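The values are calculated or read from the model by the stated rules, or taken from the named source; none is laboratory data. In this text, all values refer to a predicted model and were calculated from it rather than measured experimentally. Reconstructed Cβ throughout: ideal geometry from the backbone, glycine too, with neighbour counts over all protein chains shown.
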Amino acid sequence: MPKSWTEKFAHPPQPNVLRLGKPYAGHGEGEKMLIPTPAVVAAYVADIPPGEFRTMPRMREDLAAAHHADFTCPLTAGIFLRIAAEHAWEQHQNGTPLNKITPFWHVVDLKSPVPKKTWRARSISSSSSASAKASLKLLSTHATSARSARSSAPCPWRGRS
């Protein structure tokens, strides 16, 4: 049986900083690369102020700096952002209000091809429920204000402009 997004979200449990033994992703041998976790990515996304948007490169730079690495692995960062987004959407589908889930729309552009390939397209095509469609409409039009009730621990990247 396939794992749920919640199960995928829990693994791996800790981020890891590795020293490269050979060049990778445009970075040289000896540089330190962060392998984040879905939870680390979700915490970063949750700490983005309402109304702001971060690009993937900016997220990777901020995470690397916070973990004393030279860069963040672009492959795992993308995979873990998807897991965090799918996990958040799964929580919402199970009744968690939008203002209590990871606001992945602060990094994932809802008008880009990415959401259409993942949760958004599946939800629209597989759900005839009016509440699911209403949630998607709310998410698309009012995403930047959905985080108002969230409280989160201070994060090391908070001070970056």
Of Trp89, Trp105, the only residue that is within 20 Å of Pro49 (Cα to Cα), part of a helix (DSSP H, G or I), among the aromatic types (Phe, Trp, Tyr) and under 9 Å from the mean Cα position of the chain (by Cα) is Trp105
Checked region 52-66 for anything in a helix (DSSP H, G or I) and out of contact with any strand residue (DSSP E or B) (no Cβ under 9 Å at 6 or more places or on another chain); matches are Met56, Pro57, Arg58, Ala65
Considering residues that are of a type outside the set (D, E, K, R), within 24 Å of Ala10 (Cβ to Cβ) and surrounded by fewer than 22 Cβ atoms within 10 Å (Cβ to Cβ), the number found within region 65-82 is 7
Within region 46-100, restricting to residues that are among the aliphatic types (A, V, I, L, M) and farther than 30 Å from Lys22 by Cβ, the one that is modelled with the lowest pLDDT is Leu98
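In this structure, is Phe104 surrounded by 23 or more Cβ atoms within 10 Å (Cβ to Cβ) and either of a type in the set (Ser, Thr, Tyr) or more than 16 Å from Pro15 (Cα to Cα) (or both)? Even if it seems obvious, please write down each step before you answer.
Details: surrounded by 23 or more Cβ atoms within 10 Å (Cβ to Cβ): yes; either of a type in the set (Ser, Thr, Tyr) or more than 16 Å from Pro15 (Cα to Cα) (or both): yes.
Yes, satisfied.
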Checked region 1-35 for anything in contact with a helix residue (DSSP H, G or I) (Cβ under 6 Å, 6 or more places away or on another chain) and either surrounded by 15 or more Cβ atoms within 10 Å (Cβ to Cβ) or among the basic types (Lys, Arg) (or both); matches are Trp5, Lys8, Phe9, Pro15, Leu34, Ile35
